[in-house]
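Since the structure comes first, as structure tokens, the remarks are kept for the end.
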Amino acid sequence: MENTAPKFLIDLLKKEYDLELVNKILEGYSIKRYTTFRVNTLKSCDKDVLDILDSMQVKYIKYDAIEHAYILPDRSAKEFYDTKLVFDGLIYFQSLSSMLPPLFLDIKETDTILDMAAAPGGKTTMMAALSNGKAQITACEVNKIRSERLKHNIEVQNAKNVFVMRADARMLDDFFSFDKILLDAPCSGSGTIDLNNRKALKAFSYDLVKNSAHLQYELLKKAIQILKPNSCMVYSTCSILPIENEEIISRALKEFNIEIVPIEFRGLPLLPTKIKGCLLVLPNEYFEGFFIAKIRKK
Ligand code: SAM
């Protein structure tokens with residue numbers, strides 16, 4: 001039997017969105033999402049990966065809006081864990097929403113980049129691939145086990161010039177400065193809720209939302225401090241609650257000399273966001289719920 005979303009979450013959603021949208025969100029929570037992956041261009045190319053999938057008689061659909069992104073309409077990621085594709089790092093299973101934040105950083109080969117909350121490294125390795133392995137990336141992660149996973153993924157994917165730093169990113173020295181920062185912040189995960197996953201549902205609480213918001217603001221403050229002036233960063237979460245998104249950004253807009261750089265992306269299912277120029281993705285069968293803001297430090 002399917003579980004229902006916690007009452008406090010439904011109440012929070014009803015406060016923000018009209019009933020039709022709340023029902024769409026709840027539908028997104030109960031739908032099984034398609035498996036998606038990106039080709040790791042540091043190790044392979046689309047043609048070689050597709051040849052392997054053809055030889056395995058696996059159906060795939062290209063997701064045209066993101067280079068090297070594919071949908072597997074009738075397979076789960078698990079089925080590929082012991083194949084060459086995963087074992088040799090030729091592909092990386094990643095949700096389509098999670099592939100979006102790095103795209104808004106306009107990554108160049110000469111960039112120095114901080115990935116502030118990096119494990120397991122989906123976006124770190126994507127940024128490495130976007131720079132052809134040339135950008136100098138510092139991947140920060142506080143959790144020991146997760147930082148080991150991050151190192152493993154970086155190695156398997158042949159992401160060169162990535163330095164893993166095991167640290168609480170709130171404590172990073174102000175001496176650091178970066179051309180670009182990705183803060184894919186720890187969050188409640190309210191955009192990725194799966195009503196069929198009882199264990200994850202149990203871990204979801206109002207305290208988690210509140211504590212995440214507190215941590216998110218502390219991390220964002222540090223990010224702004226160590227971002228070079230006239231440079232841009234991206235703040236993202238897989239939450240669709242304004243407490244973890246717009247409210248964090250609004251506070252920072254008041255406290256720091258920063259501005260929102262408007263972003264757009266065609267073909268996304270969107271929820272209305274309170275800050276013009278940010279993106280709030282509606283969870284559905286293709287996308288996880290996700291919030292993305294691009295910020296420029298003046
Ligand atoms: N960007 C990752 C990716 O694409 O694979 C996902 C990051 S996940 C949303 C957030 C990560 O932040 C978790 O691995 C968590 O352990 C880490 N984290 C939490 N608090 C942190 C802190 N204070 N400093 C650094 N990392 C932190």
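The numbers here are math on the coordinates, done by the rules we state, and not lab data. These figures come from a predicted structure and were not determined experimentally. Glycine gets a Cβ as well: all are built from the backbone with ideal geometry, and neighbour counts include every protein chain shown.
Worth pointing out:
- In the stretch 176-262, counting only helices (runs of 4 or more DSSP H) that sit wholly within it, the ones holding 3 or more residues that are more than 16 Å from the ligand (Cβ to nearest atom) and surrounded by fewer than 19 Cβ atoms within 10 Å (Cβ to Cβ) span 198-203, 246-255.
- Residue ranges of strands (runs of 3 or more DSSP E) in the stretch 67-146 with at least 2 members away from the ligand (no atom under 14 Å from the Cβ) and free of Cβ contacts under 8 Å to residues at least 60 places away in the same chain: 69-72
- Yes/no for PRO283 being in contact (Cβ under 8 Å) with a residue 60 or more places away in the chain, in contact with a helix residue (DSSP H, G or I) (Cβ under 6 Å, 6 or more places away or on another chain) and within 25 Å of PHE8 (Cα to Cα): yes
- Meets criteria (touching an Asp or Glu at 6+ places or on another chain (Cβ under 9 Å) and acidic (Asp, Glu)) for ASP46: yes
- The residue that is surrounded by the fewest Cβ atoms within 10 Å (Cβ to Cβ), among those in the stretch 41-74 that are of a type in the set (Lys, Arg) and more than 14 Å from SER95 (Cα to Cα), is LYS47.
- Residue match in the stretch 150-158 (condition: under 30 Å from LYS298 (Cα atoms), within 12 Å of the ligand (Cβ to nearest atom), among the hydrophobic types (A, V, I, L, M, F, W, C) and not in a loop (DSSP other than H, G, I, E, B)): no
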